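*Asks:* One structure coming up, written as structure tokens, with questions to follow.
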């Protein structure tokens, strides 16, 4: 089941990538954590940035934290 969910998330992510703007996040982490993220990303054929985003989204989803879609963030600006 997890593989099916991962596949659907991947499809969703790929379809949204060209349509959304991105923000930069700079952070400092322990070298071992950085190496682990690189390894995890490589095993899933992801970039490190995409792996970090996926992990954040998974964490938020598990804890009921809503991540607004790009269109929701700018609705007020285009409505009028």
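The values are calculated or read from the model by the stated rules, or taken from the named source; none is laboratory data. Predicted, not measured: the structure shown is a model, and the values here were computed from it. Here the Cβ positions follow ideal geometry from the backbone for every residue, glycine too, while neighbour counts run over all protein chains shown.
*Asks:* Would you check which residues across region 23-47 are surrounded by 14 or more Cβ atoms within 10 Å (Cβ to Cβ) and either on the phi > 0 side of the Ramachandran plot or not in a loop (DSSP other than H, G, I, E, B) (or both) and list them?
*Replies:* 37, 40, 41
*Asks:* Go over the candidates 52, 33, 48, 66 one by one and state the one that is at pLDDT 90 or above and touching a helix residue (DSSP H, G or I) at 6+ places or on another chain (Cβ under 6 Å).
*Replies:* 48
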